[in-house]
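Structure first, commentary second.
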Amino acid sequence: RHDHFFELGGHSLLAVTVIERMREQGLDADVAALFTTPTLMAFAAATEEMEIVL
């Protein structure tokens, strides 16, 4: 949960793929959130905040 997406080999194309797969599962996610919060724990928190705002 503390691992950094980009330090583990993640890149922009993979980030877009991750977001698209999340959307296919009905989860609201934003690529910008992954870039600003690249750890799983922070990204999950940012995604939860997006759902509350919507």
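Against the longest alpha carbon principal axis of the chain, how many degrees, from 0 to 90 and to the nearest 10, is the axis of helix 12-24 turned?
Helix 12-24 and the main axis of the chain meet at about 30 degrees.
What figure, in Å² to the nearest 10, do you get for the accessible area of Glu48 with a 1.4 Å probe and non-protein molecules left out?
It works out to around 120 Å².
Counting only protein chains, not ligands or nucleic acids, how are His11, His4 ordered by accessible area (probe 1.4 Å), most first?
Details: His11 90, His4 55 Å².
Largest accessible area first, the list is His11, His4.
(i) 11.2; (ii) 13.0; (iii) 12.3: which one is Kirkwood radius over Cα pairs in Å as calculated from this entry?
Only one listed value fits the structure, namely (i).
Whole-Hz ³J(HN,Hα) for each residue in segment 34-39, computed from phi via Karplus 6.51 cos²θ - 1.76 cosθ + 1.60 with θ = phi - 60°, x for glycine and proline: what do you get?
Calculated HN-Hα couplings, in order: 5, 6, 8, 9, x, 8 Hz.
Of all accessible surface on segment 5-49 at a 1.4 Å probe, what whole percent is carbon and sulfur? Don't jump to the answer; show the numbers that get you there.
On the way: 1770 of 2940 Å².
Heavy-atom surface of segment 5-49 belonging to carbon and sulfur, 1.4 Å probe: 60 percent.
The values are calculated or read from the model by the stated rules, or taken from the named source; none is laboratory data. Everything numeric here is computed off the predicted structure, so don't read it as measured data. Side chains included, ligands, DNA and RNA excluded: accessible areas come from the protein's heavy atoms. Shrake-Rupley method; radii C 1.70, N 1.55, O 1.52, S 1.80 Å.
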